[in-house]
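The block underneath contains the structure these notes are about, expressed in structure tokens.
FYI, it's all coordinate maths here, none of it is from the lab. Predicted model only: the values in this text are computed from it and were never measured. All Cβ positions, glycine included, derive from the backbone under ideal geometry; neighbour counts span all protein chains shown.
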Amino acid sequence: MNTQTKITPIDFQIVTQKIKDSKLESIGGATIREIKKLVDEIEKSTGERFVRMEMGIPGLPPTKVGVEAEIEALKKGVAAIYPDIYGIQSLKVETARFVKLFMNIEVSPESCVPTGGSMMGSFAAFMTLNRCNPDKDTSLLIDPGFPVHRQQLKVLGQKIASFDVYNYRGDKLKDKLESILSEGNISCMLYSNPNNPSWICFTEKELKIIGDMCNKYDVIAIEDLAYFAMDFRRDMSKPGVPPYQPSVANYTDNYILTISSSKAFSYAGQRIGMMVISDELYDRSYPNLKKYYAKDLFGHSMIYGSIYAMSAGISHSAQYALAAIFKAANDGTLDFVEEVKEYGEKAKIMKELFTDNGFKIVYDKDDGEPIADGFYFTFAYPGFSGDELLHELLYYGISAISLAITGSERLEGIRACVSLVKRDQFKDLEFRLKKFNQDHPLT
Ligand SMILES: Cc1ncc(COP(=O)(O)O)c(C=O)c1O
């Protein structure tokens, strides 16, 4: 790494000083929020605008029908009233409709439960699933993944198994899962699809493998759909018309889906998502649950045990917002996919700027097919570790996060999030990447 470079797009002395002041042991080991703080400081001191790719927050306005429904609900006085813990009826009904129309999966409204963002959904799922059977006390994370899921398991004091799926795509996934699940200690496995950070999307073949393994080893898949219908290679925008959002739910009843409103509907601030439990799992009895909850029934324990203990219900007005958003999507009056396509279009341009200047896309294929353009992509530069590259890019006004904190084994890699980058910054990005490439020539 050439830290002797004195003429960099962002003042060399200031960046060096700010990195030192941050007291971070390594930039690669820093959390997303720590990187954000450091870049805020550098921007403040230099007056230069960074190409900010570290945080996965939506860069679009919130879905209007949601805001309008929420205002109306507030005017009617819902803020004064505790919402039912299992969710308002219209939200449950519209969620079940949404799952049918956009996934072609049948669930009853009863099995659709609001959570404080999908993060709370996975937290409650881990909490409950690891109490069903004393022999199954470990959650499997299919990595790379969203670092907070690992954090949730750590906070819960629960055991974690994980592997980087990069080398186990397609048929290879079966043997890998078989080798882990046959140990008998795995209660559940979580993956996001599309995946944060790599944007890989599991193929139908892979989802079938996951579903079959869940059936064979009695493991529950927690399918994190934070980026619902955002694999823009396929148009999943039409209610009731294929193709649908792919799902493990086509292959097993052992599933919990977590559907986020944050990215697909740009509704992150209101912290609402939906947990969808398969009807079969919802009604299942696990005698061990009685140690922790009033009943041995899974759905009952989830709602009246875990979710109740965490929050006693989800923001009343936000439930009206999400009900209205789902209804509009279901009725075909809101094309939510069209609204977020901008992310994919920006990713296509930005990836090209990177690859034109010597960078490589790290996770680049879905079982042979080129990876989609979406909310995130991963990149590396020959000769650099991810940590070194993140560090060096700060001098070029570019911020991102290291794949090291995502459970990835590709330690040369960095995750870029396109959402906050404005199109008017593409020129700056191009200039900075060119300069980086000139300063670090490839042989
Ligand atoms: C894979 C994944 N899951 C969950 C979340 C969080 O979703 P929510 O805002 O609904 O809690 C994110 C947000 O970045 C994510 O990337």
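Side notes on the structure shown:
- Along the chain, longest interval not containing exposed GluC sites (Glu not before Pro), exposed being DSSP loop plus at most 16 other Cβ atoms within 10 Å: 184-408
- Low-density loop positions, chymotrypsin sites (Phe, Trp or Tyr not before Pro), segment 1-89 - DSSP coil, at most 12 other Cβ in 10 Å: none
- From phi via Karplus (6.51, -1.76, 1.60), per-residue ³J(HN,Hα) for segment 231-237 in Hz, x at Gly/Pro: 7, 6, 5, 10, 8, 9, 8
- Considering only segment 99-192, percent of DSSP beta bridges that pair antiparallel, nearest 5: 0 percent
- Phi angles across segment 40-47 convert, under the Karplus curve 6.51 cos²θ - 1.76 cosθ + 1.60 with θ = phi - 60°, into 3J(HN,Hα) values of 3, 5, 5, 4, 4, 6, 9, x Hz, Gly and Pro given as x.
- Relative to its Kirkwood radius, the Cα radius of gyration of the chain gives an Rg/Rh of 0.98.
- Of 18/360; 92/208; 341/365; 75/100; 176/327, pairs whose Cα-Cα distance is over 30 Å: 75/100; 176/327
- For residue 365, the amide hydrogen comes within under 5 Å of the amide hydrogens of 371, counting only partners 5 or more places away or on other chains and with H modelled in the peptide plane.
- Label-point separation, residue 44 to residue 365 (7 Å along Cα→Cβ), nm: 4.7 nm
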